[in-house]
1. Sorting Trp355, Trp323 by accessible area (1.4 Å probe), largest first, what list results?
2. Set the Förster distance to 51 Å, then compute FRET efficiency between Ala41 and Ser456 from the Cβ-Cβ distance, nearest 0.05.
3. About its Cα centre, what dipole magnitude does the range 213-288 give when the only charges are +1 on Lys and Arg Cβ and -1 on Asp and Glu Cβ, stated in debye to the nearest 20?
4. For the chain, what does the helix formula give at 222 nm: sum of -39500 (n - 2.57) over DSSP H segments with n ≥ 4, over the residue count, nearest 500 deg cm²/dmol?
5. Ordered by residue, what ³J(HN,Hα) values in Hz, to whole numbers, does the range 132-143 give under the Karplus form 6.51 cos²θ - 1.76 cosθ + 1.60, where θ = phi - 60° and Gly and Pro are x?
6. Rank Ala455, Trp323, Gly71 by how far each Cα sits towards the positive end of the charge dipole of the chain (+1 on Lys, Arg Cβ; -1 on Asp, Glu Cβ) and give me just the farthest.
7. Can you spot the lysines whose alpha carbon is less than 27 Å from Lys5's alpha carbon? Ignore those fewer than 8 places along the same chain.
8. Where in the range 34-75 does the amide nitrogen come within less than 20 Å of the point 7 Å from the Cα of Val21, taken along Cα to Cβ?
Amino acid sequence: MDFSKLSFWLILLGALPVWAVGRAMLPEKAGVHFRKFFLLALSLFLLGFTSLPTLGIFLTVALTAYAACRGGARLRSALGRRVLLGGLIPLLLLPLLYYKYAYFLGQSVLGAEWDTLRGLIIPVGISFYTFQIIGFCIDTLSKGEKVPPFIDYMNFCAFFPQIVAGPIERRADLLPQVSAPSLRLCAADLNVGLRYIVLGLFFKMALADNLALAFVPGYRGGNALMVWLNNLLFTFRIYFDFGGYAMTAYGIARCLGITLRLNFLSPYTATNIGDFWRRWHTSLMQWFRDYIYIPLGGGRTRLWAVNVLLVFLVSGLWHGAGWNFLMWGGLSGLAVVGYRLFAKSGLHLWAPLGWGLTFGFMVFIWMFFYDTNAAVLQHHLTTLTSPSAYGIGEFVATLKALRIQGTLAIAFIPLSFLVIAAEAFSLRRRGDAYALFLSTPVCALMVFLTVVLEASADSLFIYFSF
């Protein structure tokens, strides 16, 4: 769901009269069933409105998983359920592998020219709902959990605020809430939810979209400062873009009386790389921890560093099919391993220095994330390591480029730093990085800035491609 589009909000508001009539006219028992069917119908309609192919693929994956779980529930043997699970997971991954990885595997790994796969469009959110459904199957079959009623299961899988870009919810957290949805407009929930919606739309529409306009795609010049500028712009853009979605999703769900996991915990205030990855995309990192890292032995084995690297390599591939994503994941894993070895030595960095190293490292490696063209990526790496690319002429050229782009980069980079500083201040004073932003005066300011600073061109949420 594209929360930055007016069409989404019109559909949501248009559904309110149906909800209100059903809630007012039906007795309590019938009302519970109505609310469940209403929530599922709304979720499926919004998903189909976003992309009909996505709706079809989602239904295929979800129905296959449910049928397997129902069949597995009849197996008394834990071994039998594990065998079923071992066959089910690859089956559920097939659509993801086909749409997202088939061309990469064929061309880059096997050396085959599969031109028919070149133009495949990745269905919106396929990585998110596939992982959520697989997590449900693992929790249900491996732990012998009861298979919920079909309507509750579908609401767990299809809950519209988070289905296409997370968070990746767990059975124990979301299923009980959608099994008995109140969907009542509670003043306390609305008060919190609307503030998070304001924060999320400010992140996306006032910051991320403007940073996207300042970014220079496919830059091939020999100016290292321009490469660093692009890296910095993308560093802020991806956080405010993905964080904006996460905050808005949390707010919409909260307005409905449902509490989702907050997918971001101010990662750019982290003072070490380990802490950064505990705060960035928290639901995905927990998924990898619980279903890959811990089953491999976690940090309890002598091969803990291999386990860490494997998790981050898989994380890189989860984000995209390409050698650049593997390098991005590998560099992230090596940094985490290096930090853990440093921490085990008993040494500690001064917090501001730790923050600078962590933030600077992320500014560098985001280049491996947005440079999907191997030739461009190699050119950028060569430029960054060339002393001649840092001359006075390059500095002047960068200043001219900033003026050519209007005041976008000049204005929004300092504003982005100011927002991160405010998160750090709020975290230090209130124990919550976003508490300051949820205050009434700041919410009013964000509404004003969102309207005034709305970008001249929209950009799709980055994680819709994953």
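1. On the way: Trp355 80, Trp323 135 Å².
Final ranking, largest accessible area leading: Trp323, Trp355.
2. 0.90
3. Here the range 213-288 has a charge dipole of around 80 debye.
4. Only helices count here, giving -21500 deg cm²/dmol.
5. 5, 5, 4, x, 4, 5, 5, 5, 6, 7, 6, 9
6. Of the listed residues, the answer is Gly71.
7. Lys36, Lys100, Lys204
8. So the set is 34-46.
The values are calculated or read from the model by the stated rules, or taken from the named source; none is laboratory data. Model, not experiment: these values are computed from the prediction. No Cβ is skipped: glycine too gets one built from the backbone with ideal geometry, and neighbour counts run over all protein chains shown. Heads up: the accessible areas ignore ligands, DNA and RNA and are worked out on the full protein's heavy atoms, side chains in. Shrake-Rupley method; radii C 1.70, N 1.55, O 1.52, S 1.80 Å.
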